[in-house]
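First comes the structure, then the notes that go with it.
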Amino acid sequence: MSTQQKPELLSSGAGGLAPSIALESGPELGEHVDVKARGYWEQVWRRFRRDKVAIGSFVFIVLMFLTCFLGATIAARLLGHGPDDLFFDGVDDRLIPRGPFSHVTNPETNERQLFLLGADSALGRDEFLRLLYGGRVSLEVAVFSTIGVMTIGVLLGAIAGYFRGWIDTVISRVTEVTMAFPALLFIIALASTVGSRLNNVTFGVFGRGVVTLVLVFTVLGWFYPCRIIRAQVLSLREKEFIEAARMVGASDWRIIRSHLLPHLVAPIIVFSTLIVAGYVLAEAGLSFLGIGIQLPTASWGNLMNDAREYYTLQPWLMFWPGFAVLLATLAFNLLGDGLRDAFDPRSTL
């Protein structure tokens, strides 16, 4: 092959390679292509929707709230009785609660009514309705406690991290005292003294004992989000956009409100979902011990407490509220993991 033929072959080879690259890559080489920029929240949504487990957890949580808050009322009307109504034939001759799909007689109307999951105890109350209304109480405690804890924690953490100095010192010492406070002993003492009077504070919409637990969890649980937000603000306050805001004369509170808090949305959302799961477990544990939600108000915790007497004869009484607590906490934890990955900019789209 002569040297004059080599450039022709190379040229023809390059010409043959360019169209194939263009076919594989889409537009022809050199053609202008408009690329749409993605916003921050669009990128978060794209990463989140790829996590099928997190999407499934979110759907389950929405259905759980609808079932407990709307479905409970609808079910009570359809079944013709409430969660606290007593049925004498809801138990057999040995005072053992009847099993699932039992028919009992309403003592007021003498009508035969259905117990989908049987009776809850020797009092003959509907386990299915008490499970739904108990879920409503447990979720109220968890959600409102989380709102109170995050509000106090974010506010104090942002103030301590931004102003530093003696303000940071005071808030840090108060945080450490709260961390060292014996919360369980305080709750036991509160329940045995003024707990019965506090439980009657319902504001007409909450169950008995919900406001008490929300106040206790809020006062004793704000320290953890406070420390997390403080650490985040200590890092953010040194960024260039904060310095620019100071240079244009923005006040400290405006900087905290308009520049710092928007950058804290991601950790606030992620940590809130994980905290809700913790408070569902905390309410169930305290009610199981008899120092949380008191009877006759139903909650998942005191339903498990009542079921202890029948765990060898009717083990399903322990299974239903325990399974509900398991699913609720698992769903919130999986949702929190998915949100954490979605807010992470290092995740691939």
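The values are calculated or read from the model by the stated rules, or taken from the named source; none is laboratory data. Just so it is clear, the structure is predicted and the values come from calculations on it, not from any experiment. We place every Cβ from the backbone using ideal geometry, glycine too, and count neighbours over all the protein chains shown.
The conditions of being out of contact with any Leu (no Cβ under 9 Å at 6 or more places or on another chain), part of a helix (DSSP H, G or I), over 30 Å from I256 (Cβ atoms) and basic (K, R) are not met by R173.
One line per residue, one yes/no per condition, for (1) closer than 15 Å to G135 by Cα; (2) among the hydrophobic types (A, V, I, L, M, F, W, C); (3) over 18 Å from the mean Cα position of the chain (by Cα):
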position	(1), (2), (3)
I228	no, yes, no
K239	no, no, yes
A245	no, yes, yes
A250	no, yes, yes
W253	no, yes, yes
I275	no, yes, no
A284	yes, yes, no
G301	yes, no, no
P315	no, no, yes
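Among the candidates A266, A298, the residue that is crowded, with 18+ Cβ neighbours inside 10 Å and touching a Lys or Arg at 6+ places or on another chain (Cβ under 8 Å) is uniquely A298. Scan region 256-263 and tell me whether some residue there is charged (D, E, K, R) and at pLDDT 85 or above. No, there is no match, as no residue in region 256-263 is charged (D, E, K, R) and at pLDDT 85 or above. Within region 114-123, at least one residue is buried (at least 24 other Cβ atoms within 10 Å of the Cβ), free of Cβ contacts under 8 Å to residues at least 40 places away in the same chain, outside any helix (DSSP H, G or I) and in contact with a helix residue (DSSP H, G or I) (Cβ under 6 Å, 6 or more places away or on another chain). Residue count for region 306-333, restricted to those that are buried (at least 21 other Cβ atoms within 10 Å of the Cβ) and not in a loop (DSSP other than H, G, I, E, B): 10. Residues satisfying the criterion are absent from region 284-304 (criterion: over 30 Å from S235 (Cα atoms) and in contact with a strand residue (DSSP E or B) (Cβ under 6 Å, 6 or more places away or on another chain)).
Of everything in region 196-246 that's of a type in the set (D, E, K, R) and without any contact (Cβ under 8 Å) to a residue 24 or more places away in the chain, which residue is nearest to I159 (Cα to Cα)?
E238
The rows are residues; the columns are (1) modelled with pLDDT under 90; (2) assigned to a loop (DSSP other than H, G, I, E, B).
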{"position": "R38", "(1), (2)": "yes, yes"}
{"position": "R47", "(1), (2)": "yes, no"}
{"position": "I74", "(1), (2)": "no, no"}
{"position": "D93", "(1), (2)": "yes, yes"}
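State whether one or more residues within region 52-62 are under 16 Å from the mean Cα position of the chain (by Cα), among the hydroxyl-bearing types (S, T, Y), part of a helix (DSSP H, G or I) and at pLDDT 90 or above. Yes, some residue in region 52-62 is under 16 Å from the mean Cα position of the chain (by Cα), among the hydroxyl-bearing types (S, T, Y), part of a helix (DSSP H, G or I) and at pLDDT 90 or above. For the subset of region 185-214 comprising residues that are surrounded by fewer than 13 Cβ atoms within 10 Å (Cβ to Cβ) and of a type outside the set (S, T, Y), which member is nearest to the chain's Cα centre (by Cα)? Only one residue fits best here, namely V205. Applying the criterion of being part of a strand (DSSP E or B) and of a type in the set (S, T, Y) to the residues of region 95-113, the residue that is nearest to V325 (Cα to Cα) is S102. How do the pairs read when you match residues in region 169-191 that are farther than 25 Å from I291 by Cα with residues anywhere that are modelled with pLDDT of 85 or more, using Cβ under 6 Å and keeping only pairs 6 or more apart or on different chains? Pairs found: I171/L156; I171/A160; T175/F223; T175/C226. Of everything in region 162-184 that is surrounded by 11 or more Cβ atoms within 10 Å (Cβ to Cβ), under 26 Å from the mean Cα position of the chain (by Cα) and closer than 30 Å to R237 by Cβ, the residue that is modelled with the lowest pLDDT is F181. Within region 249-287, being over 23 Å from I61 (Cα atoms) and either not in a helix (DSSP H, G or I) or not aliphatic (A, V, I, L, M) (or both) holds for G249, A250, S251, D252, W253, R254, R257, S258, H259, P262, H263. Just one of the listed residues (T212, T178, T218, T151) is assigned to a helix (DSSP H, G or I) and closer than 16 Å to G278 by Cα, and it is T218.
In region 42-65, the residues that are closer than 20 Å to L139 by Cα reach residues that are surrounded by fewer than 18 Cβ atoms within 10 Å (Cβ to Cβ) and acidic (D, E) with C-beta atoms within less than 8 angstrom, at least six apart or across chains, in these pairs: A54/D337; A54/D341. Which of (1) over 17 Å from the mean Cα position of the chain (by Cα); (2) surrounded by fewer than 22 Cβ atoms within 10 Å (Cβ to Cβ) does F144 not meet, given it meets every other one? Only one criterion in (1) over 17 Å from the mean Cα position of the chain (by Cα); (2) surrounded by fewer than 22 Cβ atoms within 10 Å (Cβ to Cβ) is unmet by F144, namely (1).
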